[in-house]
Amino acid sequence: MGVLACDRRGCENVMCDHLSQSFGYLCYSCMQELKSINGTLTIQQFMDSPAILYKRSYEWENYVESEFKSRYEE
């Protein structure tokens with residue numbers, strides 16, 4: 001089985017599950033980001049824009065979780 005690398009500029013994710021015949025493979029992270037832009041860019045503009053590194057996204061998630069604690073956690 002080959003590597004299914006994300007075709008978005010600068011994205012290093014592999015084993016992508018989303019494929020467009022026009023734009024190529026898209027990883028889960030980029031797919032979620034594409035959904036969130038809500039048509040503010042064309043798909044081609046999105047694919048040409050630099051990918052947000054997963055590490056940066058992960059750091060942001062950790063930061064948000066550290067600021068907003070669940071009231072069910074002790």
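Couple of notes before you dig in:
- Taking segment 1-49 as the range and being assigned to a loop (DSSP other than H, G, I, E, B) and aromatic (Phe, Trp, Tyr) as the test, only PHE23 passes.
- Of the criteria (1) surrounded by 13 or more Cβ atoms within 10 Å (Cβ to Cβ); (2) touching a strand residue (DSSP E or B) at 6+ places or on another chain (Cβ under 6 Å), which one ALA51 fails: (2)
- Residue in segment 51-71 that is at pLDDT 90 or above and either out of contact with any Asp or Glu (no Cβ under 6 Å at 6 or more places or on another chain) or at positive phi (or both) present: no
The values are calculated or read from the model by the stated rules, or taken from the named source; none is laboratory data. Here the structure is a predicted model, which means the values were calculated and not measured. Neighbour counts are summed over all protein chains in view; Cβ atoms, including those assigned to glycine, are modelled from backbone coordinates with ideal geometry.
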